[in-house]
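Comments concern the structure below.
The values are calculated or read from the model by the stated rules, or taken from the named source; none is laboratory data. Values in this document were obtained by computation on a predicted structure and should not be read as measured data. In this analysis, Cβ positions are derived from the backbone assuming ideal geometry, glycine residues included, and neighbour counts consider all displayed protein chains.
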Amino acid sequence: MCGAMKLMAFAVVLLVNGVIVKSSQDVMKSMTKNFLKAYEVCSKEYNLPENTANELVNFWKEDFTTTNRNVGCAILCLTSKLNLLDPEGKLHHGQAEDFAKQHGADADTAKKLVETLHTCEKNEPVIEDHCSMALGIAMCFKKEMHNLNWAPDSELLFDELIADMQG
């Protein structure tokens, strides 16, 4: 499941000029919203406490950090529910790129997202606790998305999530 952790950040979810950055932020926002739609199922499967959802909602805030392994478990589950893992539990690069493209990413952006996840996975120490490892990869991915200025606007994302739940 080590590869699964890689994608956790995905979603969680690219260049430095204004148009591309805005587009990349929109892609990441769309992917994150889709990613979180399966949360209720994962919450029940992993018996996650309520604060886990709050931490996922705050995930993209630049100053937000967490060591809550339940967040990693949620990310792992969500990745699995979106069929982004291969049979061995590793990130399926083709499916991950397709997921990004379905949310508006061009081929280069989708490839960069998968490469970033792969780099985060390689840099994360291998540990037996898959949830904690997924969390580490996700936090690395988030940091890299902020460095690229591709992270979605967390306030706008929250407002849209609330609107979607009410609509």
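Restricting the search to the stretch 90-108, which residues are under 15 Å from the mean Cα position of the chain (by Cα), more than 19 Å from ASP26 (Cα to Cα) and assigned to a helix (DSSP H, G or I)? HIS93, GLN95 - these are the residues of the stretch 90-108 that are under 15 Å from the mean Cα position of the chain (by Cα), more than 19 Å from ASP26 (Cα to Cα) and assigned to a helix (DSSP H, G or I). Taking each residue of the stretch 131-160 that is hydroxyl-bearing (Ser, Thr, Tyr) and modelled with pLDDT of 90 or more and looking for partners that are surrounded by fewer than 21 Cβ atoms within 10 Å (Cβ to Cβ) and part of a helix (DSSP H, G or I) with beta-carbon atoms closer than 9 Å, six or more apart or interchain, yields SER132/ARG69. Would a scan of the stretch 36-44 turn up a residue that is of a type in the set (Asp, Glu), modelled with pLDDT of 70 or more and surrounded by 15 or more Cβ atoms within 10 Å (Cβ to Cβ)? Looking for residues that are of a type in the set (Asp, Glu), modelled with pLDDT of 70 or more and surrounded by 15 or more Cβ atoms within 10 Å (Cβ to Cβ), one finds none in the stretch 36-44, hence no.
The single condition among (1) outside any helix (DSSP H, G or I); (2) at pLDDT 90 or above that ASN70 does not meet is (1).
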